[in-house]
Amino acid sequence: MRCARPLRSWSMVRAAAPGSSGLVSRLSSVPCLSCPRIGARDMSASGSALPTTTGPDSYKGWLFKWTNYLKGYQRRWFVLSNGLLSYYRTQAEMAHTCRGTINLSTAHIDTEDSCNIVLSNGGRTYHLKASCEVERQRWVTALELAKAKAVRMMNNQSDDSGDDEPSSQSDKSELHTSLKSLTSKLDDLSTCNDLIAKHGAALQRSLSELESLKLPAESSEKIKSVNERATLFRITSNAMINACRDFLELADSHSRKWHRALQYEREQRVHLEETIEQLAKQHNSLERACRGPQGLTSNSTGIPNSGSVQAVKGEASDEDEETEFFDAMEDAPAFITVTTDPKQHRRSGSNLSSASGGHPDDWHLDDNVFHSSHESSYYDSKRKDLLPRKRRRTRIPDKPNYSLNLWSIMKNCIGKELSKIPMPVNFNEPLSMLQRLTEDLEYHELLDKAVKCENAIEQMCFVAAFSVSSYSTTVHRTAKPFNPLLGETFELDRLEDLGFRSICEQVSHHPPAAAHHVYSKNGWSLWQEITIASKFRGKYLSIMPLGDIHLEFLSSGNHYVWKKVTSTVHNIIVGKLWIDQSGDIEITNYKTKDKCQLKFTPYSYFSRDIARKVTGLVTDANGKAHYVLSGTWDEKMECAKIVQSSQGNGSTEGKQKTVYQTLPPKLLWKKYPLPDNAENMYFFSDLALTLNEPDDSTAPTDSRHRPDQRLMENGKWDEANGEKQRLEEKQRAVRRRREAEAVEALEEGNDYEGYQPLWFERKVDPYTNELMCIYKGGYWESKEKQDWSKCPDIF
């Protein structure tokens, strides 16, 4: 409801009080008891809902500001000073954090209803609401007066723009002294002007009195001559007095102009000093806030540039309330990186990382291993240089335009038991999980580069980049791979052209587990056993790979172990599918005890960080940090060498964050571009297109020979669904037979060994002390002889 007190219009207010200096004070002293718009909670929080004045040009008080549709109007403390309207969450924030500022000299002030105020300045708009109409009118009055004064000051500045402005503080002081001397001389000249006029008039009267006396004729002539001379003197004096008066007026006009210019410059200087002090306080506050939460920080590439802790400008950050919606505060940075100029750190190596001898000039990754151009892929250059003997395919049949609807799924389920319902191939891509596991080797050249590193810390950077690169193929790959059958294998023999060969085998069906072994003639070996655990949580599906990945470099003996992170498929029920990776990876070198901590930041709608961000830190056995890693798991990874570290101040939570000074980052890995028409080929990469290429020399259990997968790749999805059902029923029959054999052996008191992998064997890993499947050999020898008699018939 409206306020019962009648209000004077703005024109009446201006007419009643033409002087603006005391108007704000008089208006603020008028209470409004008939419009209690502020609730008891707000009154108690502020202590007083009425604005206050600290001077003729300052006005402060509480207003309600529109933030967003989730929170609506929020109560904020507004301060009007020097033509600027600033706001804060609380009065205490005035000492360190300004939430936004608007310049009234170019702002438009509008009133929507009895209590609303709308301020707009270019692209910025503030929607404000007062507690009652009287309070709104006080604010409008103060805003209009402040705007008028700001406009006048701006006009005065433009009028004096042609004059030479003082360029330094000494010039300003000299100008002020000159103006004072000129004013003093003008005052003296004005006094002399008055005296000349006074004495001239007295002389004229005296001469007139002499002429009236009866004197001899000769004396009369003399007096007349003197009178004429006095008249000439009076005329000349009057001319001089008029010239002096004109000079005085002109000098006074210029003096006022210079005084206004000097006064404006003084006010601008004071305002600038206050602004700089406020920004410094904001910077310190933000730095303390950044040093508080745990996590990692980065910019769009993951490594912040110089001055990475940005203070939020009042003119650029209009809605500070967005920070209240962050849902991943525990993922905030645990350290800050600041890029520095290498030339500034060549004086001493005492504070530098010992990874390369303790001097920043030893930052020589480019000399060691960065031989490939950033524009062309290492993989392509190898293919051109080595000229592989076998020509690989570069495309597969386009994906059929089958709509994924309820009927396409249910028609395969009619009349079947629930346990016998197969998932249709509509959800799949024409690759098996074993082939997807082999895709981890797409950026194998990172390990080839790591072999050349003489320093284990530098080598760790490439190993970390390799661990991240394995996720780059998943960003568009929302379809699931085929679940391998028990005993199914997949080989990738690229020893001649790429220098490695790989063998995978499905070693368990419940739970599904695959063993993998890679040998490279360039001096490294990799092996892993991955068990897939999944949880369906309604809107998304979490896929958690369990098991360790082992990487060993033969020449140095460095042995690295790490695990995979969690993959999450979103919008399972409704919406477009998309995949995210989240979690932490700890890579450990069991020989040197060096470690690398990688953090995959989960996507958050309310976060301002880039999507798919990865950050990390490489430390030695003593915990000393040597490199900062950053990037995204779908594009690239960079590393920056740390030259100096310092401990930050404690935050409000009592935590501390380390600030690392680094050299400019260097690119470790960058994703290859997808081939042409990739969107119609399941977004396969160049390597993925070759994985299911027919090869008669492989084992009969190889995924290339799987009939349902081949039919799907050829676009025959209905036939593929039928063949998939046949294979799964065949596998169930084999499992039932094994279960019957186990029961029979138990009844007879005999031991039943159960299923044993063909090319792998279970052993206790000496590094992790966990049981895992290790390659026992024999596959490549059997391939060379083409002796596959030990292979089971699974297809």
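Filtering the stretch 763-795 to residues that are touching a residue at least 40 places away in the same chain (Cβ under 8 Å), charged (D, E, K, R) and open to solvent by 40 Å² or more (accessible area, probe 1.4 Å) leaves GLU770, ASP793.
Out of TYR755, TYR775, one residue alone is hydroxyl-bearing (Ser, Thr, Tyr), out of contact with any Phe, Trp or Tyr (no Cβ under 9 Å at 6 or more places or on another chain) and under 21 Å from MET433 (Cβ atoms). It is TYR755. Number of residues in the stretch 590-604 that are part of a strand (DSSP E or B), within 27 Å of SER556 (Cβ to Cβ) and either open to solvent by 40 Å² or more (accessible area, probe 1.4 Å) or of a type in the set (Phe, Trp, Tyr) (or both) equals 2. Filtering the stretch 530-542 to residues that are open to solvent by less than 20 Å² (accessible area, probe 1.4 Å) and over 16 Å from SER467 (Cβ atoms) leaves only SER542. Counted as qualifying within the stretch 433-535 are the helices (runs of 4 or more DSSP H) with 2 or more residues that are within 26 Å of HIS570 (Cα to Cα) and touching a residue at least 60 places away in the same chain (Cβ under 8 Å), namely 433-438, 456-469. Considering the stretch 39-85, the residues that are crowded, with 17+ Cβ neighbours inside 10 Å and not in a strand (DSSP E or B) include one that is modelled with the lowest pLDDT, namely ALA49.
Considering the stretch 438-465 alone, what residues qualify as being surrounded by 22 or more Cβ atoms within 10 Å (Cβ to Cβ), over 15 Å from CYS639 (Cα atoms) and among the aliphatic types (A, V, I, L, M)? Listed by number, the residues that qualify are LEU441, LEU447.
Quick one: how many residues across the stretch 476-486 are open to solvent by less than 10 Å² (accessible area, probe 1.4 Å) and of a type in the set (Lys, Arg)? Residues flagged as open to solvent by less than 10 Å² (accessible area, probe 1.4 Å) and of a type in the set (Lys, Arg) within the stretch 476-486 amount to 1. With respect to the conditions (1) more than 25 Å from THR438 (Cα to Cα); (2) more than 32 Å from the chain's Cα centre (by Cα); (3) open to solvent by 40 Å² or more (accessible area, probe 1.4 Å), PRO664 lacks only one, and its number is (2). Among the candidates THR489, THR473, the residue that is closer than 26 Å to SER782 by Cα, polar (S, T, N, Q) and crowded, with 22+ Cβ neighbours inside 10 Å is uniquely THR489. Among the residues of the stretch 753-762, the one identified as open to solvent by less than 90 Å² (accessible area, probe 1.4 Å) and modelled with pLDDT under 85 is GLY754.
Number of residues in the stretch 422-432 that are surrounded by fewer than 23 Cβ atoms within 10 Å (Cβ to Cβ) and not in a helix (DSSP H, G or I) equals 4. With the condition kept exactly as written, say whether any residue in the stretch 605-623 is within 14 Å of VAL561 (Cβ to Cβ), in a strand (DSSP E or B) and either among the polar types (S, T, N, Q) or under 21 Å from the mean Cα position of the chain (by Cα) (or both). Within the stretch 605-623 (the criterion being within 14 Å of VAL561 (Cβ to Cβ), in a strand (DSSP E or B) and either among the polar types (S, T, N, Q) or under 21 Å from the mean Cα position of the chain (by Cα) (or both)), the answer is no, since none of the residues qualifies.
Where residues in the stretch 606-639 are of a type in the set (Val, Ile, Thr) and closer than 21 Å to GLU442 by Cα, which of them is surrounded by the most Cβ atoms within 10 Å (Cβ to Cβ)? Here the answer is VAL614. Taking the condition of being under 18 Å from ALA150 (Cα atoms) and either assigned to a loop (DSSP other than H, G, I, E, B) or of a type in the set (Lys, Arg) (or both), how many residues in the stretch 108-123 meet it? Selection size over the stretch 108-123: 1.
Evaluated against (1) modelled with pLDDT under 90; (2) closer than 30 Å to ARG477 by Cβ; (3) of a type outside the set (Asp, Glu), TYR660 falls short on exactly one condition, (2). Taken together, the residues in the stretch 728-752 that are touching a residue at least 60 places away in the same chain (Cβ under 8 Å) and open to solvent by 60 Å² or more (accessible area, probe 1.4 Å) amount to 3. Here the condition is being open to solvent by less than 90 Å² (accessible area, probe 1.4 Å), more than 20 Å from GLN204 (Cβ to Cβ) and touching a residue at least 12 places away in the same chain (Cβ under 8 Å); of SER255, SER237, it holds for SER255 alone. Contact map, the stretch 79-107: first residue under 13 Å from LEU145 (Cα atoms), second residue in a helix (DSSP H, G or I) and of a type in the set (Phe, Trp, Tyr), Cβ cut-off under 9 Å, separation 6 or more or different chains; pairs are LEU80/TRP139. For the criterion of being among the hydrophobic types (A, V, I, L, M, F, W, C), touching a residue at least 40 places away in the same chain (Cβ under 8 Å), crowded, with 21+ Cβ neighbours inside 10 Å and within 27 Å of PRO545 (Cβ to Cβ), LEU577 fails.
The values are calculated or read from the model by the stated rules, or taken from the named source; none is laboratory data. As the structure is a computational prediction, the values presented were derived from the model and not from experiment. Neighbour counts run over all protein chains shown; Cβ positions are idealised from the backbone, glycine included. When the accessible area is computed, the model is the full protein with side chains, heavy atoms only, and any ligands, DNA or RNA have been set aside. Shrake-Rupley method; radii C 1.70, N 1.55, O 1.52, S 1.80 Å.
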